Amino acid sequence: MTFGKELSRLRKENPLFANHYINYKELKDAVDEADVAKVMNLLRTELDKINDIVEVQWGALIGELKARMRKLGDKEGAEVNAESLENLSQAVVRLHSFIETNYLGFQKVVKKCAESQETASCSWFLARVEAASFRQHRFDELLVPLGRLYTAFRRSTGFGMEAALHGLDDQALPMSGDGNAQVFFVPTSQVMKAKVALLKVLEPAATIIKAKTNQGTRDTSRVTAEFSQKLTHVYFESNRGDQYAERLRRRIGGFAAATGPVGVLLQCHAAPPPLVEAGAPGDPSDPYHEVSVEIQDETYKVSTFSLQQKLMPAFLAGKATSNSPLEKMAAETIQKEQLRPAVSSSAFRSSFTSASSAGKAGVALVSIDEQVTFRDEAALADDKAWCFAASKTGAASTSWSQVDFPGAILRIWLPASSANSLLGLLGVPDLDLKPVPGFSEALHGTALLHRELANPLPPWIPSETLVPAAGRSTLVVSPHGDEKGSLDVAGAKSQRVDKKTSEDKKVGFLKPTEAARSLRRTWCAMCAGGDAAAPARADPKLIVDCKTPMAIERTLLRWMRSTILLGSLSSLLMSGSSFDMQLNGVLLGLVCLIFTIFPLMSYVQRSRELSNPKAKQPKVDRTMPRILALSFSAVLFSTVCVNVFARGSLQDS
């Protein structure tokens, strides 16, 4: 179904928003006409229209939920109407669908603008859409009070199913590894429906912080709800792929390293600290921010210790920063196996629990991970950070350093039989859930970003659509290897971590191969429901804002204009009768020739830099202005000297 037909269907299903969806057809026609002024006016009008309706609906939902929560708090045991709750939940789902659909529409229009040279200047508008008010709302502020209302409803009607859920609580598995959960893929369009369906039976593992700002009889309290928590997992790998093989053997994943035959697994993950009264979480790039490291041996015994962010570089170099036996064992494993951060996954996790488990840390029956992003840690170009999450710049040495997961990941932290029982209790409607046994983010990220190490591929990724390539096709023989021809990989990450070590210990990763790129496109097409065999469009080399090339061209034109004026002045002076004027004209003509060449050279150099994917800090180039100033000074000095000497000669004669 095309996007235009999807909009028509949504307009019929949601009469409230029928006249407020993005006018996609008119925008497409304007882009086809290559009328930039018309396109920009339509984009601004549509953005203002969507901002206005979202603000109205958001304010109405927030006000209704606050009123119901206030009523529930004033009257203990107050009844909650089931029909009104259902209407509220449907309103939340419709608003979320409206926001995401319109955002997708803006993306499609801007992408179409970028494909045409006449309308390429309009592609900057997507940044304005990202910063628009309708994209800034956090649905946690709606879902958490909605979950509290459903909890009160279950208690008042005796529809809590506490006995059945209590039996499941006893079987809840620890959330320390992906293998402990039954995993399902959820399409993006069904994520909010899945959350609301879970809230009808389970409680959100969330915290509400309220800052009192009452003015008279009007309640203007600001509520901050911590529900979706950002988690970052960093997975390690050696140049031989031993950790991948160990994870694949165990079929559990979610750990940072496996040491081959020993089978010790490490997990590093970072999450912002809980919200305080001010409602501001800590900065993940703070050097004092703690990183959790978990160790799991062959008997599946899990031990945990924490390290400050600033100690991670030393830890990754195989140096223990304390006398802790766990830290020493982990550091020795990293040094012995030459482990390096290979891939990482970051996501926003929403957890759901039962009434008896509410308030217990690390206990949940169901969780949903949204906005999942896999990053190639070997491509990190920030020397001061050990992973992308700890980097303030996020600079990457390759344009293929990040892959977004097309959908969400739903996990049920129960054994398989109990998970099926919970799904039956939830009464989840048809959400197009796709079960994925043995799913692992570590295996998935390695297959997407380091295909040379992913041999064989995980069972949920089809291999028949891949470009034929050996599992470790990008590994190369190290020039500093041993006599047996040990394999090594040259990469930016190894140079960054082992800068002070000997050359024969460098370990890293190559950039992803073409086979890995084909795999990513195939996987995204599968999850999005598209045709996996459809040819992918070649990625453009231009990775900067479209205004930047125009700015470079404008600078060249200004230099050429100044050169023409300078040449005209030179011709005028050379046609003069006096020697001084003619000398000035000749010298200015030479300067004119110089500044015909220099701006062209600068323009060519800057144009080539645009296609270079390596990020670097831009610098102001003052070379040509300085040369121009020195040239004018030299011309003036020469003219004055000639004039003085000529007058002296005349007086002597």
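The values are calculated or read from the model by the stated rules, or taken from the named source; none is laboratory data. All of these numbers come straight from a predicted model, not from anything done at the bench. We place every Cβ from the backbone using ideal geometry, glycine too, and count neighbours over all the protein chains shown. Only protein heavy atoms, including side chains, enter the accessible area calculation; ligands, DNA and RNA are left aside. Shrake-Rupley method; radii C 1.70, N 1.55, O 1.52, S 1.80 Å.
From the cross-link list 66/195; 12/49; 25/111; 230/547; 28/193, which pairs have alpha carbons spaced over 22 Å apart? As for pairs spanning more than 22 Å Cα to Cα, those are 230/547; 28/193.
Share of Cα-Cα pairs in region 397-456 beyond 13 Å, in percent? List each step's numbers first, then the result.
Details: 1300 of 1770 pairs.
So the pairs more than 13 Å apart make up 73 percent of the total in region 397-456.
Per the Debye formula on identical point scatterers at the alpha carbon atoms of region 364-416, with no solvent, log10 I(q)/I(0) at q = 0.17, 0.27 Å⁻¹ is -0.65, -0.98.
Which net charge results for the neighbourhood of residue 304, defined as the other residues with beta-carbon distances under 14 angstrom from its beta-carbon, given Lys and Arg at +1 and Asp and Glu at -1? The answer is -3. Eigenvalues of the alpha-carbon gyration tensor of region 1-152, scaled by 5 and square-rooted, set the equivalent ellipsoid semi-axes at 38, 15, 11 angstrom, largest first.
If DNA, RNA and ligands are ignored and the probe is 1.4 Å, what is the ranking of 269, 233, 450 by accessible area, most exposed first? Present the calculation step by step, with values, prior to reporting the outcome.
Values: 269 45, 233 25, 450 0 Å².
Result, largest first: 269, 233, 450.
Computed with a 1.4 Å probe on the full set of protein chains, the accessible area for residue 577 sits at about 120 Å². Quick one: Debye curve from the C-alpha atoms of region 85-146, no solvent, what's log10 I(q)/I(0) at q = 0.18, 0.19, 0.22, 0.26 Å⁻¹? So the normalised log intensities are -0.70, -0.75, -0.87, -1.05.
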